[in-house]
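First comes the structure, then the notes that go with it.
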Amino acid sequence: MFDGQISMTLPNIFAHIDGIEAVLILDKDSRALLKFPTDEAVDELDLLGLVPTVQLLQDQSSRINLKTLKTSITYWSTRQIITYNVPPFVFILAADTNVNTGALVNLYNDFQILVSNELKNTV
């Protein structure tokens with residue numbers, strides 16, 4: 001579904017934030033659509049291993065009658081993992097712990113615009 005435009009647009013979105021290590025974009029069935037900047041960078045961080053956890057968070061959020069979970073933040077010793085639910089896609093981003101978390105959370109709006117534009121271009 002994603003064409004070359006997405007992989008060219010991501011560096012523009014991240015240009016003002018140093019320390020982003022990798023991004024994984026999943027479809028609604030949790031299949032990997034795009035690994036950025038490379039497959040190796042995403043695989044080294046095992047971002048696909050986080051998919052069951054992301055699904056569990058979404059499921060539990062809906063079970064306790066919360067609104068749709070838009071963003072979740074997890075910290076490891078050397079990095080932070082931010083998950084963005086931008087239907088019909090999920091973005092999983094790994095960044096250094098020194099990156100401003102607020103700036104990363106604000107990327108949700110950029111991802112919404114990116115998805116909206118991509119969906120418009122496919123119709």
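The values are calculated or read from the model by the stated rules, or taken from the named source; none is laboratory data. Worth saying up front: this structure is predicted, and the values here are computed from it rather than measured. Backbone-built Cβ (ideal geometry, glycine too); neighbour counts: all protein chains shown. When the accessible area is computed, the model is the full protein with side chains, heavy atoms only, and any ligands, DNA or RNA have been set aside. Shrake-Rupley method; radii C 1.70, N 1.55, O 1.52, S 1.80 Å.
For the reader, a short list of remarks on this structure follows.
- Failed condition for residue 83, given (1) of a type in the set (Val, Ile, Thr); (2) under 12 Å from the mean Cα position of the chain (by Cα); (3) modelled with pLDDT under 80: (3)
- Subset of the stretch 29-52 [in a strand (DSSP E or B) and not small (Gly, Ala, Ser)]: 33, 34, 35, 36
Each row is one residue, and each column tells you yes or no for (1) over 17 Å from residue 23 (Cβ atoms); (2) modelled with pLDDT under 90; (3) open to solvent by 30 Å² or more (accessible area, probe 1.4 Å).
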position: 54; (1), (2), (3): no, yes, no
position: 64; (1), (2), (3): yes, yes, yes
position: 94; (1), (2), (3): no, no, no
position: 98; (1), (2), (3): yes, no, yes
position: 109; (1), (2), (3): no, no, yes
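- Taking the stretch 72-92 as the range and being farther than 20 Å from residue 37 by Cβ and open to solvent by 60 Å² or more (accessible area, probe 1.4 Å) as the test, the residues that pass are 73, 74, 75, 77, 87.
- Matching residues, the stretch 21-35, being open to solvent by less than 40 Å² (accessible area, probe 1.4 Å) and modelled with pLDDT of 85 or more: 22, 23, 24, 25, 26, 27, 34
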